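First comes the structure, then the notes that go with it.
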Amino acid sequence: MEKKLGKKGKIKRAAQRYWQYYILFLPCAVLFILFSYIPMGGIILAFKEYIPRLGVYGSPLADPFYRHFLKLFEDAYFWTVLKNTLVLSGLRLAIGFFFPVLLALLFNELKFKAFGKTVQTVLFIPYFISWVVLAGILKQVFGNDGFVNSALTAMGGNGVKFLTQGGPFLALVILSEIWKGCGYGMIIYLAAITSIDRGLYEAVEIDGGNRLHKMIYITLPGISGTIAVQFILSLSGILNGGFDQIFNLYSVPVYDVADILDTYLYRVGLAEGKVELGTALGLFKSAIGFCLVVFSNKITKKLGGNGIW
């Protein structure tokens, strides 16, 4: 019966059977169309000389059409902010990626589930707090006259310039990012753990295995697919240095390590009004992200994982 139905027949039958799901998905689809797909037409600005009175599509093509990319790559400061972005994102990925996985594994082994749920809620709360608010808190705590430096000075030590010195600033950025996002990441992995067949754990117990054996041979392989997908998505955004966090925390003294592509794009595209250059930079970031997704997906599948597609 399935083979007799044409493509249109299959679509019609699926619409009749799952119409409630399509209705639920409709607002999400409209949101994506309005704010993700329609604005993609503005990419053409990367190849044009924008004249406001002529509009995006009426403005003439640049001569040569890749002129703005050349201008971008010839700017020595572009390579500085690119290096800063790669260093910062690389440190975040290397240090922070496996932290939620470890937390999920540990919470899964807790005997007192009520205590675990309480701690999960406490860890999850920072994810919902805006970086504008968190940056204000961090400045009050780690500023030159903040609580931490005041305590260090009172104990006879020297204060640490967390917000105006490169090394301490990077450490503060990475640790605060882990603190804010680990609760959300942990929930994802805990949800993946709940889908593992409990009979596998019972089989390990019958064979004389302990909790560590369950974690290594059952839990970790059971969530390896989720870990792979999260890694691919994280790698695709390696050129996104975290605009909200950096913009609200950084200052001129740490520009040499904290000025990233996103903040550079903000100054060039919005503050200075060079929308063509900003669009070229945004397109460059998107192209690199797409290539990283394809590459990491292929590597994951070659190593035995499932990948995204």
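In table form, for the structure just shown:
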item: Meets criteria (within 24 Å of residue 92 (Cβ to Cβ), at pLDDT below 85, under 16 Å from the mean Cα position of the chain (by Cα) and not in a helix (DSSP H, G or I)) for residue 305; result: no
item: Where a residue in region 100-120 is more than 21 Å from residue 234 (Cβ to Cβ) and in a helix (DSSP H, G or I) and its partner, wherever it lies, is modelled with pLDDT of 85 or more and among the β-branched types (Val, Ile, Thr), with Cβ under 7 Å and at least six apart; result: 108/193; 108/219
item: Residues of region 125-157 that turn out to be surrounded by 13 or more Cβ atoms within 10 Å (Cβ to Cβ), touching a Lys or Arg at 6+ places or on another chain (Cβ under 9 Å) and either at pLDDT 85 or above or assigned to a helix (DSSP H, G or I) (or both), as a count; result: 5
item: Residues satisfying the stated conditions in region 158-173, i.e. surrounded by fewer than 17 Cβ atoms within 10 Å (Cβ to Cβ), touching a helix residue (DSSP H, G or I) at 6+ places or on another chain (Cβ under 6 Å) and in a helix (DSSP H, G or I); result: 166
item: Residue in region 78-93 that is under 23 Å from the mean Cα position of the chain (by Cα), farther than 17 Å from residue 285 by Cβ and either without any contact (Cβ under 8 Å) to a residue 24 or more places away in the chain or surrounded by 14 or more Cβ atoms within 10 Å (Cβ to Cβ) (or both) present; result: yes
item: Exclusive hit being out of contact with any Lys or Arg (no Cβ under 8 Å at 6 or more places or on another chain) and outside any helix (DSSP H, G or I), set 232, 246, 218, 196; result: 196
item: Among the residues listed as 29, 15, the single one being loosely packed, with under 12 Cβ neighbours inside 10 Å, of a type in the set (Gly, Ala, Ser), at pLDDT 85 or above and in a helix (DSSP H, G or I); result: 29
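Let's see how each residue does on (1) surrounded by 15 or more Cβ atoms within 10 Å (Cβ to Cβ); (2) more than 25 Å from residue 286 (Cβ to Cβ); (3) in contact (Cβ under 8 Å) with a residue 24 or more places away in the chain:
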| position | (1), (2), (3) |
| --- | --- |
| 223 | yes, yes, yes |
| 231 | yes, no, yes |
| 238 | yes, no, yes |
| 248 | yes, no, yes |
| 253 | no, yes, yes |
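Conditions tested, residue by residue: (1) under 16 Å from residue 99 (Cα atoms); (2) of a type in the set (Lys, Arg); (3) in contact with a Phe, Trp or Tyr (Cβ under 9 Å, 6 or more places away or on another chain); (4) modelled with pLDDT of 85 or more.
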position: 183; (1), (2), (3), (4): yes, no, yes, yes
position: 186; (1), (2), (3), (4): yes, no, yes, yes
position: 195; (1), (2), (3), (4): no, no, no, yes
position: 200; (1), (2), (3), (4): no, no, yes, yes
position: 213; (1), (2), (3), (4): no, no, no, yes
position: 219; (1), (2), (3), (4): yes, no, yes, yes
position: 222; (1), (2), (3), (4): no, no, no, yes
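The values are calculated or read from the model by the stated rules, or taken from the named source; none is laboratory data. Here the structure is a predicted model, which is why all the values come from computation and not from measurement. We place every Cβ from the backbone using ideal geometry, glycine too, and count neighbours over all the protein chains shown.
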